[in-house]
Structures are given as structure tokens and as C-alpha cells.
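Undergrad: The following block contains the structure, expressed as C-alpha cells.
The values are calculated or read from the model by the stated rules, or taken from the named source; none is laboratory data. As the structure is a computational prediction, the values presented were derived from the model and not from experiment. No Cβ is skipped: glycine too gets one built from the backbone with ideal geometry, and neighbour counts run over all protein chains shown.
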Amino acid sequence: MEKKKKNRLILRVIILAVLAAAIIFAIYTSFAKEKYDVLRVGDYAPDFTLVDLNGEKHQLSAYKGQGVFLNFWGTWCTPCKKEMPAMGRQYQVYKDQGVQVLAVNIAESNLKVQTFADQYGMIFPTLIDKTKDVMEAYNIRPLPTTILINPEGKIVKIITGEMSEKDIQGYMEQIKPD
């Protein structure tokens, strides 16, 4: 009889512990929701200021009136390595037509980013999001992710994954000022 009571007590304690853990998890997730809403096509792109590899500040709102091809990437990202040269070639074509490329690296060292930029011929502003604040504001998860921003500052398209050169050309056409 004593053994049954002990087993029941152990079972009750386990059930209460599981319930307590579930309640704590529910409370934690409700308070730890993402700081930023998920961005959608048609939303205004959140403004930010980041520094490029030359030490120059770039504020997104300063590009108003131009299309912005905002690309988030990492040096370790294989698709990023594949699309950077194509982005550079298309930037050469579209930069005089009012399309800017901002390549935002996610919190890697200046040396790593500079080495990558040199290796892949990155001729457009290469920025480093050292605190990941911009990444969080844009809810960037997979890399690469590209946000197309029209001259009015609205998001036109969100592309996740690798882009071909033909894709990049088409996207730059979409955000080119009239």
C-alpha cells in the first residue's frame, strides 16, 4: 500500500512539473515575441544607417527617389558567392539608371568581408550589420535574402535564396525609377 502511494505521488509531481513547464513556456513565448512585425510587399522599408568598408555611412532614406536592391548575405553562404558577380555586372548597367545596390553582411569581421568583397569584385556599397539590428528589423532568416525597394521607399518584392543573373536584371528593371 505504501509503495502505491509513493508511486502516485511521483506521478503527480511529474504531471505538475510538465504542466508548470508548459505554462512557463507559454508565458515566455508571449513576452519574447519578435520585436518587429513581419515585413510584407507594400510596406515602407524600415530606415537604417550602416557603415561600409570605406567607413562611409549609408542611410536607406538617403536613397529615396532611387530603386534599392537590398541584399543580405554572408561570406560562408554558397549562393551568395554565386550571385555576387552577377549583381556587380547588373549594378554596372543600372547604377546610372537610378538603381542602387546595398549589400548587407550579417555581423562578420571587416577583414572577412573585405577579403570576400575583393575576391568577388563587389563594386557596390558593402555594409556590415555588426549588431544584427537591421537583420532583425527586416526579419531576415535564410541567406541570401534580397528586398526590392521602389523609389518611394516601399517594398516591392522579397526574394529568398539564390538569384540568377537574368533574375537580378529583371528585379532591377522592376525598381528602376520611371
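Undergrad: Among the listed residues Gly161, Gly153, which satisfies the condition of being loosely packed, with under 14 Cβ neighbours inside 10 Å and either within 18 Å of the chain's Cα centre (by Cα) or on the phi > 0 side of the Ramachandran plot (or both)? Before the answer, list the steps.
TA: Values: Gly153 fails: loosely packed, with under 14 Cβ neighbours inside 10 Å.
The conditions single out Gly161.
Undergrad: Shifting gears a bit: Restricting attention to segment 67-99, and to residues there that are assigned to a strand (DSSP E or B) and over 17 Å from the mean Cα position of the chain (by Cα), which single residue is nearest to Val156 (Cα to Cα)? Full working, then the answer.
TA: In the first step, residues of segment 67-99 are kept if they are assigned to a strand (DSSP E or B); the result is 67-73, 99.
Checking which are over 17 Å from the mean Cα position of the chain (by Cα) leaves us with 67, 99.
On the way: Gly67: 10, Val99: 14 Å.
Filtering first and then ranking leaves Gly67.
Undergrad: Right, something else. If a residue must be more than 19 Å from Ile149 (Cα to Cα), among the β-branched types (Val, Ile, Thr) and in contact (Cβ under 8 Å) with a residue 60 or more places away in the chain, how many such residues does segment 97-127 contain? Give the steps one after another, and end with the answer.
TA: The initial filter retains those residues of segment 97-127 that are more than 19 Å from Ile149 (Cα to Cα), namely 106-123.
In the following step, the residues that additionally are among the β-branched types (Val, Ile, Thr) were identified as 106, 113, 115, 123.
Within this subset, residues satisfying the condition of being in contact (Cβ under 8 Å) with a residue 60 or more places away in the chain are 113.
Number of matching residues: 1.
Undergrad: Between a first residue in segment 143-155 that is part of a strand (DSSP E or B) and a second residue that is among the charged types (D, E, K, R) and surrounded by 22 or more Cβ atoms within 10 Å (Cβ to Cβ), which pairs have beta carbons less than 6 Å apart while being 6 or more apart in sequence or on different chains?
TA: Listed by first residue and then by second, the contacts come to nothing, as the list is empty.
Undergrad: Mind listing whichever residues of segment 118-142 are under 16 Å from Glu83 (Cα atoms) and in a loop (DSSP other than H, G, I, E, B)?
TA: Initially, segment 118-142 is screened for residues under 16 Å from Glu83 (Cα atoms), giving 118-126, 142.
If the condition is that a residue be under 16 Å from Glu83 (Cα atoms) and in a loop (DSSP other than H, G, I, E, B), then Tyr120, Gly121, Met122, Ile123, Phe124, Pro125, Pro142 are the ones that fit.
Undergrad: When you check Tyr138 against the structure, is it surrounded by 19 or more Cβ atoms within 10 Å (Cβ to Cβ), aromatic (Phe, Trp, Tyr) and either under 17 Å from Leu39 (Cα atoms) or within 17 Å of the chain's Cα centre (by Cα) (or both), yes or no? So that I can check it myself, show each step before the final result.
TA: Values: surrounded by 19 or more Cβ atoms within 10 Å (Cβ to Cβ): yes; aromatic (Phe, Trp, Tyr): yes; either under 17 Å from Leu39 (Cα atoms) or within 17 Å of the chain's Cα centre (by Cα) (or both): yes.
For Tyr138, the condition - surrounded by 19 or more Cβ atoms within 10 Å (Cβ to Cβ), aromatic (Phe, Trp, Tyr) and either under 17 Å from Leu39 (Cα atoms) or within 17 Å of the chain's Cα centre (by Cα) (or both) - is met.
Undergrad: Mind checking whether some residue in segment 46-68 is assigned by TED's automatic domain parsing to the domain that holds Gly153 and under 20 Å from Ser164 (Cα atoms)?
TA: yes
Undergrad: Return the only residue of Lys5, Lys82 being of a type in the set (Lys, Arg) and surrounded by 10 or more Cβ atoms within 10 Å (Cβ to Cβ). Don't jump to the end; show me each part of the working.
TA: Details: Lys5 fails: surrounded by 10 or more Cβ atoms within 10 Å (Cβ to Cβ).
Within the list Lys5, Lys82, the selection yields Lys82.
Undergrad: Among the residues of segment 93-102 satisfying the criterion of being of a type outside the set (Val, Ile, Thr) and over 19 Å from Leu127 (Cβ atoms), which is surrounded by the most Cβ atoms within 10 Å (Cβ to Cβ)?
TA: Per the criteria, the residue is Gly98.
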